[in-house]
Amino acid sequence: MEKWYNKIIEKLNEYQHEIIFVIDDDDLLANDFLADQLSESFNELYYYTMELKLRKKIKNINSSLLVIVESDKNLSSYFLDHFRIVKISLEDVFPLLNKRAIDWISDSEIRDLYNHYQHNFKRYEKLNYNKTLKYALKNLYSFSFPIDSLESLISLLMKFYFNHKKLKGAIKKIVAEDGKKLDVNINKLTNQKSFFNWLEEQWYQYIINQNSKLNFDDKKIQYILDNCFEQGYMKKLDLMGENIDINYVKSKITNNFSFNSGIINFDKLSVKEFFEKEYDLLSSLLDKEIKSVAWGNIAKKWSHLVYLNENNKLDNDLNKLAKRVDNKFLEFIANKYNDLVYDQRFQHAPLNNKILSYLLNEDQKTALICLDGMSYKDWFVVKNYLDKNLNLKYHEHFSYAIIPTITSYSRRAIFSTETPLEDEGRYDEEKLFRENVLENKKTKNQNIFFDRTNEPKIFELLGYEYIGLIYNFVDEIAHQATSESLKFNNLKNFLDESEFSAVINNLIENKFRVYLCSDHGNLYCEGNGFNPSRDLIEKRASRSVLYRSRKLAENEEFENRLILNFPNIIGEEYILTMKNRRKFGNSEAGFTHGGVNIEEVIIPFIEVIG
């Protein structure tokens with residue numbers, strides 16, 4: 001796939017044997033990879049500061065030199081008259097967008113916007129300032145104009161400050177123009193620190209039932225408020241240290257699903273009360289239109305309900321809600337899943353094959369740990385274990401497993417960075433992991449560690465920069481369990497006797513970025529009594545069979561039959577599975593996978609932070 005900086009490299013490499021001055025007023029050469037690539041073409045990259053120093057350097061150099069200058073106004077007539085001057089800017093990357101409207105985007109946002117621009121931008125005439133700004137904000141932040149309320153402006157700034165330290169360019173202009181109309185002190189919004197301090201103050205006023213300027217019940221705020229607390233931008237309010245109206249807080253929990261993310265020590269609500277609130281909230285969310293990112297939130301909430309119900313022996317009947325979740329999710333999978341492959345923005349369409357590429361965008365020591373078969377339900381057991389043994393924080397994200405949800409498809413996709421359609425199936429996960437790291441990073445094979453095992457054991461990290469681990473214990477425990485509560489209990493007992501927390505702690509202490517992922521989830525199923533004419537793809541994945549044509553799949557007749565085809569992901573084969581929570585055959589009820597249930601498809605992707 002073409003990278004955004006390729007056009008810059010091609011433009012400058014035309015003069016790789018000369019001394020050239022590059023006017024870089026958009027600071028594109030701050031990108032480390034771009035600078036490294038140009039270092040291979042030019043003998044040296046030199047940042048201009050003083051004329052006399054540069055004259056002396058040029059006098060003594062007999063090879064190519066790339067001089068980086070913020071503006072040609074900084075250059076004397078001598079340089080302008082005697083050397084080639086080349087300007088690079090965002091217009092080289094986005095020729096059909098207005099440069100002034102995107103003069104604020106960060107390095108990572110340039111990458112994300114270019115991915116969309118390259119594949120989805122179907123226009124031939126250049127967009128003006130306003131249309132460019134709307135295009136960028138919609139595709140980077142899912143934000144749409146007009147800004148007709150304070151909540152609308154603040155929701156934009158929350159997303160902006162996740163990636164920026166201070167206001168700049170077109171976003172600064174928006175705040176200056178719209179902030180004055182909305183009765184807010186603009187000085188509080190000009191940089192990341194002061195903005196989140198102001199937002200935290202408004203959150204405090206909202207909770208203690210005083211006069212907050214901001215309505216935190218507004219849906220535009222709710223959907224991103226979790227991230228402010230989870231990623232440490234705002235401090236959670238300790239209710240034990242405040243004079244709180246409990247009934248008021250309870251009423252807010254009912255109306256604002258992000259409320260719990262911003263408070264701690266609210267133990268006056270019993271688990272049962274909390275369960276009921278979450279149940280009602282999830283029910284209301286199912287009445288709305290649900291896009292790919294929102295499904296991650298629903299999967300997490302549904303899994304948490306299952307975990308609370310089983311772990312606390314609440315004995316609540318979840319069958320009615322389960323059918324609603326399953327039916328709505330099946331509709332999404334049938335209509336939208338096949339197109340997720342086209343959206344290259346990992347946060348918007350996090351298919352499993354995009355995980356490793358997403359992690360390799362950063363130049364830091366990285367450990368990717370795949371817990372085979374871990375559903376979002378099981379993550380709550382793992383999280384409780386880690387919290388008991390270590391002082392950690394988490395950025396809790398999610399990913400979509402490859403469908404059918406079998407190990408040979410979805411786990412290979414993690415390490416190959418390819419869909420089954422693209423993957424020729426030549427190598428095992430270790431070779432795929434090593435190849436992708438070596439292709440994308442300046443490291444050596446001996447600096448890469450990979451292991452696949454059932455029991456986590458602490459190991460020596462000296463010299464390693466990239467680590468890939470596959471642990472099979474969750475999958476093994478799930479396949480042997482006969483109920484959710486037994487699975488949770490067996491997983492807890494296994495973890496308590498394991499060295500898993502020691503492995504995580506060792507990685508954190510050695511400055512690794514640590515990520516946990518899964519290849520597929522698991523689902524408790526009874527047999528449907530039907531045995532298809534073809535063999536199962538995998539012995540343990542008893543919820544799907546593949547056929548070369550729809551006609552062959554249609555020859556198999558049973559209740560709740562479901563036939564799906566995802567040509568962009570698995571090619572022309574057809575998946576035969578079922579709409580309900582059943583599996584093929586007459587074997588004993590238990591946990592399996594392979595189908596398209598939300599508990600199989602949407603799985604945890606967790607950044608572990610020391």
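The values are calculated or read from the model by the stated rules, or taken from the named source; none is laboratory data. Computed from a prediction, not measured in an experiment: that's the story for all the values here. Here the Cβ is made from the backbone with ideal geometry for all residues, glycine too, and neighbour counts use every protein chain on show. Just so you know, the surface numbers come from the protein's heavy atoms only, side chains and all, with ligands and any DNA or RNA stripped out. Shrake-Rupley method; radii C 1.70, N 1.55, O 1.52, S 1.80 Å.
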Probe 1.4 Å - accessible area at Asp535, Å² to nearest ten: 130
Cut-off 16 Å (backbone N to label point 7 Å along Cα→Cβ of Asp496), residues of the range 367-390: 381-390
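Rounded, prolate or oblate: which fits the range 420-463 when a ≥ b ≥ c are the square roots of the eigenvalues of the alpha-carbon gyration tensor, with rounded for a/c under 1.5 and prolate only if a/b beats b/c?
Working: a/c = 3.57, a/b = 1.31, b/c = 2.73.
Note, shape of the range 420-463 comes out oblate.
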Long-range amide H partners of Ser399 with built H, under 5 Å: Ile603, Phe605
Whole-Å distance, taken between Cα centres, linking the range 62-101 and the range 324-385: 41
Rounded percent of accessible protein surface that carbon and sulfur make up, the chain, 1.4 Å probe: 43
Most to least accessible of Glu125, Glu599 (protein chains only, probe 1.4 Å): Glu125, Glu599
Computed label-point distance, nm, for sites Ile9 and His395 using a 7 Å Cα→Cβ extension: 2.6
Net length gained if the chain between Tyr427 and Leu45 were fully extended (0.36 nm per residue, minus Cα distance): 133.6 nm
Anchor Lys73: aspartates and glutamates whose Cα lies under 17 Å away (excluding residues fewer than 8 positions away in-chain): Asp24, Asp25, Asp26, Asp27, Glu51, Asp81
Label-point separation in nm, Ile208 to Leu52, each point 7 Å along Cα→Cβ: 6.0
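Given a 1.4 angstrom probe, what's the average accessible area per residue across the chain, in square angstrom? The partial results should precede the final answer.
Values: 28460 Å² over 610 residues.
With the other protein chains kept in place, the chain gives 47 Å² per residue.
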Inter-site label distance for Glu18 and Lys444 at 7 Å from Cα along Cβ, in nm: 3.9
About the Cα centre, charge dipole magnitude for the chain (Lys/Arg +1, Asp/Glu -1 at Cβ), debye: 1340
Whichever lysines have a C-alpha closer than 29 Å to that of Lys431, once near sequence neighbours (fewer than 8 apart) are set aside: Lys3, Lys354, Lys365, Lys441, Lys442, Lys444, Lys457, Lys511, Lys539
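Quick one: if the Förster radius is 60 Å, what FRET efficiency do Glu509 and Asn555 give, using the C-beta to C-beta distance and rounding to 0.05? Intermediate values should be presented prior to the final figure.
Details: r = 58 Å, r/R0 = 0.96.
Step by step, r from the Cβ atoms, then E = 0.55.
Can you tell me how the range 310-447 classifies by the Cα gyration tensor, rounded, prolate or oblate, using a/c under 1.5 as the rounded cut? Could the numbers behind the result be given before it?
Working: a/c = 2.23, a/b = 1.35, b/c = 1.66.
Note, shape of the range 310-447 comes out oblate.
If each residue of separation counts as 0.36 nm, what is the full-extension length gain between Ser284 and Arg123 once their alpha-carbon separation is subtracted?
Numbers: separation 161, 0.36 × 161 = 57.96 nm, distance 3.86 nm.
Taking 0.36 nm per residue and subtracting the Cα distance, the gain is 54.1 nm.
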Extension reserve of the Lys172-Glu91 stretch, reckoned as 0.36 nm per residue once the Cα distance is removed: 27.1 nm
Probe 1.4 Å - accessible area at Arg324, Å² to nearest ten: 80
Ranked by how many other beta carbons lie within 10 Å on average, peptides 362-372, 403-413, 490-500 from highest: 403-413, 362-372, 490-500
Distance violations [Cα-Cα > 30 Å] among Lys193/Lys213; Lys11/Lys193; Lys11/Lys122; Lys122/Lys165; Lys53/Lys168: Lys11/Lys193; Lys122/Lys165; Lys53/Lys168
Cut-off 19 Å (backbone N to label point 7 Å along Cα→Cβ of Arg534), residues of the range 331-366: 334, 338
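By the gyration tensor of its Cα atoms, with a ≥ b ≥ c the square roots of the eigenvalues, what is the shape of the range 411-505: rounded for a/c under 1.5, prolate for a/b over b/c, or oblate? Each step should come with its number before you reach the end.
On the way: a/c = 3.59, a/b = 1.47, b/c = 2.44.
Since a/c reaches 1.5 but b/c is at least a/b, the shape of the range 411-505 is classed as oblate.
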Sequence-distant residues sharing a close amide H with His520 (under 5 Å, placed H): Gly373, Met374
Those aspartates and glutamates that a straight Cα-Cα span of less than 15 Å connects to Lys388, excepting residues fewer than 8 apart in one chain: Asp496, Glu497, Glu499
Residues of the range 572-597 with amide N under 18 Å of the 7 Å Cα→Cβ point at Ala334: 574-582, 595-597
